[in-house]
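*Asks:* Here it is, the structure in full.
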Amino acid sequence: MRFSKDHEWVNLDGDTATIGITAYAADQLGDVVFVDLPTAGKSVKAGEGLAVVESVKAASDVYSPVAGEVTEVNAALSDEPQTVNDAPEAGGWFVKLKVADPKALDALMDRPAYEAYLKTL
């Protein structure tokens, strides 16, 4: 699993990346009440808005840490958006992307680097 400074995580399996927000991000948002996901087939660039997550506190954009094409969305989040809070780095994933360049993940942080980054905030 790799992490962005915007608090997204990416888990690569072959050329498919599963993307979600970190436990830190979910905690900062508070109770998630709605998730707006893209449609399958949408192409995204690294750093581009991928989804919107709304909580009782605010609405926040979720940015794609890597470029690719959306192949699947977590439709269960429509009915159970609180899954983002309950399991942010597992069942609360947002999308799966066919990654344009798997080597792009090398620019992201591993867990120890991300945890060190969180201590600077």
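The values are calculated or read from the model by the stated rules, or taken from the named source; none is laboratory data. Source: prediction; values computed, not measured. Note that each Cβ is placed from the backbone with ideal geometry, even for glycine, and that neighbours are counted across all protein chains shown.
*Asks:* Hey, can you tell me all the residues within segment 50-70 that are over 17 Å from VAL32 (Cα atoms) and either of a type in the set (S, T, N, Q) or loosely packed, with under 12 Cβ neighbours inside 10 Å (or both)?
*Replies:* SER64
*Asks:* Further question: Restricting to segment 91-121, and then to whatever is in contact with a strand residue (DSSP E or B) (Cβ under 8 Å, 6 or more places away or on another chain) and aliphatic (A, V, I, L, M), can you tell me which residue is surrounded by the most Cβ atoms within 10 Å (Cβ to Cβ)?
*Replies:* Checked segment 91-121; the qualifying residue surrounded by the most Cβ atoms within 10 Å (Cβ to Cβ) is LEU97.
*Asks:* For residues that are among the acidic types (Asp, Glu), more than 22 Å from GLU80 (Cβ to Cβ) and part of a strand (DSSP E or B), tally how many sit in segment 1-23.
*Replies:* Count: 1.
*Asks:* Look through segment 11-25, keep the residues that are among the hydrophobic types (A, V, I, L, M, F, W, C) and under 13 Å from GLY91 (Cα atoms), and return whichever of them is surrounded by the fewest Cβ atoms within 10 Å (Cβ to Cβ).
*Replies:* Taking the candidates together, the pick is ALA23.
*Asks:* Mind telling me which of the residues ALA46, ALA26 ends up being outside any strand (DSSP E or B), touching a helix residue (DSSP H, G or I) at 6+ places or on another chain (Cβ under 6 Å) and in contact (Cβ under 8 Å) with a residue 12 or more places away in the chain?
*Replies:* Exactly one residue qualifies, and that residue is ALA26.
*Asks:* Anything in segment 49-65 that is modelled with pLDDT of 95 or more and assigned to a loop (DSSP other than H, G, I, E, B)? List them, or say none.
*Replies:* Scanning segment 49-65 gives SER64, PRO65.
*Asks:* Turning to a different aspect of this structure: Please work out if ALA46 is modelled with pLDDT of 95 or more, closer than 23 Å to LEU118 by Cβ and surrounded by fewer than 22 Cβ atoms within 10 Å (Cβ to Cβ).
*Replies:* When the stated conditions are applied, ALA46 passes them.
*Asks:* Restricting attention to segment 93-121, which residues are of a type outside the set (Asp, Glu) and part of a helix (DSSP H, G or I)?
*Replies:* If the condition is that a residue be of a type outside the set (Asp, Glu) and part of a helix (DSSP H, G or I), then PRO102, LYS103, ALA104, LEU105, ALA107, ARG111, PRO112, ALA113, TYR114, ALA116, TYR117, LEU118 are the ones that fit.
*Asks:* Looking at segment 26-39, is at least one residue small (Gly, Ala, Ser), crowded, with 21+ Cβ neighbours inside 10 Å and within 10 Å of the chain's Cα centre (by Cα)?
*Replies:* no
*Asks:* Further question on the same structure: On the basis of being touching a residue at least 24 places away in the same chain (Cβ under 8 Å) and in contact with a Ser or Thr (Cβ under 6 Å, 6 or more places away or on another chain), does VAL53 make the cut?
*Replies:* For VAL53, the condition - touching a residue at least 24 places away in the same chain (Cβ under 8 Å) and in contact with a Ser or Thr (Cβ under 6 Å, 6 or more places away or on another chain) - is met.
*Asks:* If you take the residues in segment 71-82 that are free of Cβ contacts under 8 Å to residues at least 24 places away in the same chain and assigned to a helix (DSSP H, G or I), which one is surrounded by the fewest Cβ atoms within 10 Å (Cβ to Cβ)?
*Replies:* In this case the residue turns out to be ASP79.
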